[in-house]
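Below: one structure, written as structure tokens.
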Amino acid sequence: MYFLIVAVIVFTAGADFVGQRQLEPIYPSYALSKMGRLSDYLPSLRDSDGDSDLYFFNGREPGGTLFIIGGTHPNEPAGFMSAVILVENLQVQKGRVIVLPRGNASGFTATEPQEAFPGTFQIVNRAGKERSFRVGSRFSNILEGWPDPIIYRHYPSGQVLSGAETRNLNRAYPGRADGTLTERMAYAITEVVRKESVDLAIDLHEAAPEYPVINAIVAHERAMDIAALATVDLQLEGLEFNLEPSPTNFHGLIHREMGDNTGARVLLFESAGALQGRLRGATNAELILKSVDPFYIKAGELGKLRVPFPKEGIPLEIRTGRHLAGIAAVCRTMGDFEPERAIAYSNIPSYAELQEHGIGFYLQ
Ligand SMILES: [Zn+2]
């Protein structure tokens, strides 16, 4: 009898555990050229939770290669959703676009301890069907190498950070082929950039509204010119972006290491997410979707934040719309600077269209 009870508990808990590792599907647009996996660039990732799908869209006309990375931090839904909207709608005319919606796939199998994050959030697609998306952890799953070391020593610089950063993909670049799972993911992503001769790589994030680098484009030196012009372009559209240079003395960040170690121009976009903030109140799916948080609204009124926080909140449409508008502006500028590396695509909502129709309208 006891054996039966134990067996039922083990089976139920086990099924739940295995289920958590099953990521929800993404439905690519009919214009998809081919799919790949990160493990195509580093075979040791095969069959690990760090392996992840890559979506390739080739234009008919030659041009540059754009690489979009979402889900570097799986607890920042705007970066992931921007990548999903791209994959499910994109049509490329000139050049090539590669999308990696889950930069850190391992982080999507975990949640953030003691943060009371909701497990998932739901969006109704244009066919009226509910799609569910999970909220992961900023870090790779702790099961990938428990316990964390007390300090994290970045390879190859030797820079020291706190132990949990061992599992932060955006502290692991340029990565290491025989390193931890997180270092190997960073290595494989860097290899995608090298082997596919990526011209422009953009990593999509969200951060706390009180964080100094917010509503920002962080640019490596070689990407500063196109980023600066794109910011002016975005301003004319009514979207304010702060332009931040990638710090030269802080290692492991994608814009620093990938910019230094590959031929790509590398940028990181940061939008303002209340879920990442310390002042937030009720932490639920509504906070992800609508972001109407009374504490942030109050802090905004008191002028304590780095960005305006309107009483209507900063919904996922705004955070995602800013990313998509930023990508479009940078591609336009890239075409002006280097016409032979131009990237032209269509069927992606503008900022205004996304606000008008909502994200669900652009989901398959
Ligand atoms: Zn982030």
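A count restricted to the stretch 177-214 and to residues that are in contact with a Pro (Cβ under 8 Å, 6 or more places away or on another chain) and charged (D, E, K, R) stands at 1. In the stretch 104-117, the condition of being of a type in the set (Gly, Ala, Ser), surrounded by fewer than 21 Cβ atoms within 10 Å (Cβ to Cβ) and under 26 Å from Arg280 (Cα atoms) is met by at least one residue. Within the stretch 70-99, the residues that satisfy the criterion of being farther than 23 Å from Glu115 by Cβ, of a type in the set (Val, Ile, Thr) and either assigned to a strand (DSSP E or B) or within 16 Å of the ligand (Cβ to nearest atom) (or both) are Val92, Val97, Ile98, Val99. Please verify whether the stretch 257-267 includes one or more residues that are more than 16 Å from the ligand (Cβ to nearest atom), part of a strand (DSSP E or B) and within 17 Å of Val192 (Cβ to Cβ). For the stretch 257-267, residues more than 16 Å from the ligand (Cβ to nearest atom), part of a strand (DSSP E or B) and within 17 Å of Val192 (Cβ to Cβ): present.
With respect to being within 16 Å of the ligand (Cβ to nearest atom), at negative phi and of a type in the set (Gly, Ala, Ser), Ser140 fits the description.
Kindly indicate whether Val97 is more than 13 Å from the chain's Cα centre (by Cα), closer than 26 Å to Tyr41 by Cα and among the β-branched types (Val, Ile, Thr).
On the way: more than 13 Å from the chain's Cα centre (by Cα): yes; closer than 26 Å to Tyr41 by Cα: yes; among the β-branched types (Val, Ile, Thr): yes.
The answer is yes for Val97.
Counting only residues that are touching a residue at least 60 places away in the same chain (Cβ under 8 Å), assigned to a loop (DSSP other than H, G, I, E, B) and under 26 Å from the mean Cα position of the chain (by Cα), the stretch 293-313 holds 4 of them.
Conditions (1) farther than 16 Å from Ser52 by Cα; (2) surrounded by fewer than 14 Cβ atoms within 10 Å (Cβ to Cβ), marked per residue:
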residue: Phe139; (1), (2): no, no
residue: Leu143; (1), (2): yes, yes
residue: Pro156; (1), (2): yes, yes
residue: Ala164; (1), (2): yes, no
residue: Thr182; (1), (2): no, no
residue: Ala188; (1), (2): no, no
residue: Glu196; (1), (2): yes, no
residue: Ala201; (1), (2): yes, no
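Would you check which residues across the stretch 51-74 are over 19 Å from Ile327 (Cα atoms) and under 15 Å from the mean Cα position of the chain (by Cα) and list them? Matches in the stretch 51-74: Ser52, Asp53, Pro74. Answer yes or no as to whether Asn168 is closer than 27 Å to Leu287 by Cα, at pLDDT 95 or above and within 16 Å of the ligand (Cβ to nearest atom). Criteria met by Asn168. Whether a residue is under 28 Å from Glu115 (Cβ atoms), within 19 Å of the chain's Cα centre (by Cα), within 14 Å of the ligand (Cβ to nearest atom) and surrounded by fewer than 24 Cβ atoms within 10 Å (Cβ to Cβ) was assessed, and Tyr173 does not pass this test.
Answer with yes or no whether Arg102 is in a strand (DSSP E or B) and either under 27 Å from Lys34 (Cβ atoms) or within 14 Å of the ligand (Cβ to nearest atom) (or both). Walk me through how you get there before you give the answer.
Numbers: in a strand (DSSP E or B): no; either under 27 Å from Lys34 (Cβ atoms) or within 14 Å of the ligand (Cβ to nearest atom) (or both): yes.
For Arg102, the condition - in a strand (DSSP E or B) and either under 27 Å from Lys34 (Cβ atoms) or within 14 Å of the ligand (Cβ to nearest atom) (or both) - is not met.
All of (1) exposed (fewer than 15 other Cβ atoms within 10 Å of the Cβ); (2) closer than 25 Å to Asn261 by Cα hold for Tyr152 with one exception: (1). Checking each residue in the stretch 275-287 for being more than 14 Å from the ligand (Cβ to nearest atom) and among the small types (Gly, Ala, Ser) picks out Gly281, Ala282, Ala285.
Please verify whether Gly335 is more than 23 Å from the chain's Cα centre (by Cα), of a type outside the set (Val, Ile, Thr) and surrounded by 18 or more Cβ atoms within 10 Å (Cβ to Cβ), treating the condition exactly as stated. Can you show your working first?
Working: more than 23 Å from the chain's Cα centre (by Cα): yes; of a type outside the set (Val, Ile, Thr): yes; surrounded by 18 or more Cβ atoms within 10 Å (Cβ to Cβ): yes.
When the stated conditions are applied, Gly335 passes them.
Would you confirm, using the coordinates I've provided, whether Thr231 is closer than 19 Å to Arg306 by Cβ, among the β-branched types (Val, Ile, Thr), away from the ligand (no atom under 15 Å from the Cβ) and in contact with a helix residue (DSSP H, G or I) (Cβ under 9 Å, 6 or more places away or on another chain)? When the stated conditions are applied, Thr231 passes them. The set of residues in the stretch 268-292 that are assigned to a helix (DSSP H, G or I) and either among the charged types (D, E, K, R) or surrounded by fewer than 17 Cβ atoms within 10 Å (Cβ to Cβ) (or both) contains only Glu286.
Scanning the stretch 198-220 for residues that are within 13 Å of the ligand (Cβ to nearest atom) and in contact with an Asp or Glu (Cβ under 7 Å, 6 or more places away or on another chain), we see that the one that is nearest to Ala186 (Cα to Cα) is His205. Inspect the stretch 118-134 for any residue being within 16 Å of the ligand (Cβ to nearest atom), closer than 30 Å to Arg278 by Cα, buried (at least 18 other Cβ atoms within 10 Å of the Cβ) and of a type in the set (Phe, Trp, Tyr) and give the result as yes or no. The answer is no; no qualifying residue exists.
The values are calculated or read from the model by the stated rules, or taken from the named source; none is laboratory data. The shown structure was predicted, so the numbers you read here are calculated from the model rather than taken from an experiment. All Cβ positions, glycine included, derive from the backbone under ideal geometry; neighbour counts span all protein chains shown.
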